[in-house]
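Just so you know, all these numbers are worked out from the coordinates, no wet-lab data involved. These figures come from a predicted structure and were not determined experimentally. Here the Cβ positions follow ideal geometry from the backbone for every residue, glycine too, while neighbour counts run over all protein chains shown.
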Amino acid sequence: MEAYAAALRTMPMHIADNAGYDSADLIAQLRAKHHEGGHTWGLEMNKGAIADMVEIGICESYKVKSQVVLSASEAAEMILRVDDLVQCAPRQRDGQ
């Protein structure tokens, strides 16, 4: 669960990196703002800064976010199951 949470926390960093901004600085600012209680703050990629998502009109449906996390979790579970099958030792065959 900790690894899954860590993976989710890296998403803003990857978004900032892909946009060509200094991800370390933006993520530090965002974490500080969240620690202060500003849980509606996020990355504003047009300006390369953090901003209050409600103020700039970016709102996402809870159902959409919930479905995305559920689908990603199911995909990760399927990959883990395939890895378990691939790693199993081969069955012993009869001498016949």
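The dipole here belongs to the chain: it is taken about the Cα centre, uses +1 on the Cβ of Lys and Arg and -1 on the Cβ of Asp and Glu, and is about 240 debye.
Ignoring aspartates and glutamates fewer than eight residues from LYS47 along the same chain, the ones with Cα atoms less than 18 angstrom from its Cα are ASP17, ASP22, ASP25, GLU55. Between the residues MET11, SER71, ALA32, the greatest Cα displacement towards the positive end of the dipole of the chain, with unit charges on the Cβ of Lys, Arg, Asp and Glu, is found for SER71.
Taking one quarter of the surface of the C-alpha convex hull of segment 1-56 gives a mean projected area of 4.1 nm². Under the definition of Cα pairs under 8 Å and six or more residues apart, what whole-number percent is the relative contact order of the chain? Result for the chain is 14 percent. Sorting the segments 2-10, 46-54 by their residues' average number of neighbouring beta-carbon atoms within 10 angstrom, most packed first, yields 46-54, 2-10.
For ALA49, the residues whose modelled amide H falls within less than 5 Å of its own, excluding neighbours fewer than 5 places apart on the same chain, are GLU44. Over the chain, DSSP H runs of length four or greater, each weighted -39,500 (n - 2.57), average out per residue to a 222 nm ellipticity of -19000 deg cm²/dmol.
Based on C-alpha pairs under 8 angstrom that are at least 6 apart in sequence, segment 1-56 has a relative contact order of 25 percent. Between segment 57-78 and segment 1-26, the alpha-carbon centres lie 17 Å apart. Principal-axis analysis of the Cα atoms of the chain puts helix 62-87 at an angle of about 30° to the longest axis.
For q = 0.11, 0.13, 0.15, 0.17 Å⁻¹, what log10 I(q)/I(0) does the chain give under the Debye formula with an equal point scatterer on each alpha carbon and no solvent? Debye output, listed in q order: -0.49, -0.62, -0.76, -0.91.
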